[in-house]
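Asks: Take this structure, written in structure tokens, and hold onto it; I'll ask about it next.
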Amino acid sequence: MKRQKILDFTKERLKSDIAFDIIVSIYLAFCLGSAIYLGVVGVTGTCIRAIAFMLFVPVILLAEWLFRLKITPATCALLLFVPTGSLLGGAGYNLYTIIPFFDTILHGISGVVFACIGFAFLKIFIGEPENTKSFIACLLVGLIFSMAIASLWELFEYTVHLVTGFDIEEDTVVSGFQSFLLSGDHNNPEVFKDITETIIYYGNGQEYHINGYLDIGLIDTICDMAICSGGAVLVSIIVAIDWFADKKKYLYRFFIPKYTGEKKTPRPEEPPQNEEPATV
């Protein structure tokens, strides 16, 4: 099937799906409004991020055109909620502080979204799954893809922290920990429990008191990856139940992007033609 030109595809895409148009319009309006508001209050970094996040929409359309996939309105809404949540959580709106579990919600949603997208990627090579074997293959690819994205994101956070010194990993105050380093013996770790206070000395005689021990990002990193994986597993279970239990596969079509290209199938071999008997 001949591929449409990108502009023709975009026009047709926007005309054919009103729900998609509404979601995209709300997202773009929020990003633009946030850029204006954040610029006025002087939060320059987040203002620039709001403008840059508007590029998510053309990127989605370009990806659909390249891979011949059609993202569902539900998955599109969840996908665009991730950058929206990033703006809401950061400086300006500060929801990460107001709602302590807001970051957890974002990671759970991202796990759902990338599992659905990963599921659809295999369709590029095999088309829409037509049997249990191809469906399970797509499901496994979706799970692996989502977990890989979670790992790459945490590596990105660590790299930003390492290179710029800017802390984007959440710290956690804990009351105890074990350490092989402090014990000097990998068979018998030193155990610290019921920690009531840690004092940090820094600068010119300054000090900071913490009611416990400060973990600088490890717990947050592992929890974020676990939450993302949990979201991927949850949507996979839901889609699998729907696939096997519902002939109409409503939830499958609700979450999983549709492949719009043609499945490449091998040409069946032509049966051998019967040769006429030789005449003497």
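The values are calculated or read from the model by the stated rules, or taken from the named source; none is laboratory data. Since we're looking at a predicted model, the values are computed, not measured. Every residue, glycine among them, receives a Cβ derived from its backbone with ideal geometry; neighbour counts consider all protein chains shown. Ligands, DNA and RNA are stripped out before the accessible areas are found, and what is left, the full protein with its side chains, is counted by its heavy atoms. Shrake-Rupley method; radii C 1.70, N 1.55, O 1.52, S 1.80 Å.
Asks: Can you name every residue in the stretch 42-55 that is crowded, with 18+ Cβ neighbours inside 10 Å and under 18 Å from V113 (Cβ atoms)?
Replies: The one that is crowded, with 18+ Cβ neighbours inside 10 Å and under 18 Å from V113 (Cβ atoms): F53.
Asks: Quickly run through the stretch 115-146 and pick out the residues that are under 17 Å from S229 (Cα atoms) and touching a Gly at 6+ places or on another chain (Cβ under 8 Å).
Replies: If the condition is that a residue be under 17 Å from S229 (Cα atoms) and touching a Gly at 6+ places or on another chain (Cβ under 8 Å), then A115, C116, I117, G118, F119, V141, G142, L143, I144, F145, S146 are the ones that fit.
Asks: So for the stretch 154-175 (the condition being under 19 Å from V112 (Cβ atoms) and of a type outside the set (V, I, T)), does at least one residue qualify? Break it down into steps so the answer makes sense when it comes.
Replies: Going residue by residue through the stretch 154-175, those that are under 19 Å from V112 (Cβ atoms) are 154.
Next, only the ones that are of a type outside the set (V, I, T) stay: 154.
The answer is yes; a qualifying residue exists.
Asks: Can I ask one more? Which of the residues that make up the stretch 100-122 are open to solvent by 20 Å² or more (accessible area, probe 1.4 Å), free of Cβ contacts under 8 Å to residues at least 24 places away in the same chain and part of a helix (DSSP H, G or I)?
Replies: I105, L122
Asks: Mind checking whether some residue in the stretch 88-96 is in a helix (DSSP H, G or I), free of Cβ contacts under 8 Å to residues at least 60 places away in the same chain and out of contact with any Phe, Trp or Tyr (no Cβ under 7 Å at 6 or more places or on another chain)?
Replies: Yes: the stretch 88-96 contains one or more residues that are in a helix (DSSP H, G or I), free of Cβ contacts under 8 Å to residues at least 60 places away in the same chain and out of contact with any Phe, Trp or Tyr (no Cβ under 7 Å at 6 or more places or on another chain).
Asks: Hey, can you tell me all the residues within the stretch 148-177 that are polar (S, T, N, Q) and exposed (fewer than 13 other Cβ atoms within 10 Å of the Cβ)?
Replies: Hits for the stretch 148-177 are T159, T164, S175.
Asks: Does the stretch 185-242 hold any residues that are within 30 Å of V112 (Cα to Cα) and not aliphatic (A, V, I, L, M), and which are they? Lay out the reasoning, then the answer.
Replies: So the first thing to find is which residues in the stretch 185-242 are within 30 Å of V112 (Cα to Cα), and the list is 215-242.
Residues satisfying the conditions are D215, G217, D220, T221, C223, D224, C228, S229, G230, G231, S236, D242.
Asks: Kindly indicate whether A29 is over 25 Å from G231 (Cα atoms), among the aliphatic types (A, V, I, L, M) and open to solvent by 40 Å² or more (accessible area, probe 1.4 Å).
Replies: Here the answer is yes, as A29 does meet what is asked.
Asks: So, one more: If the Cβ limit is 6 Å and pairs must be 6+ apart or interchain, which residue in the stretch 123-147 that is open to solvent by 40 Å² or more (accessible area, probe 1.4 Å) pairs with which residue that is of a type in the set (S, T, N, Q) and part of a helix (DSSP H, G or I)?
Replies: I126/S134; M147/S229
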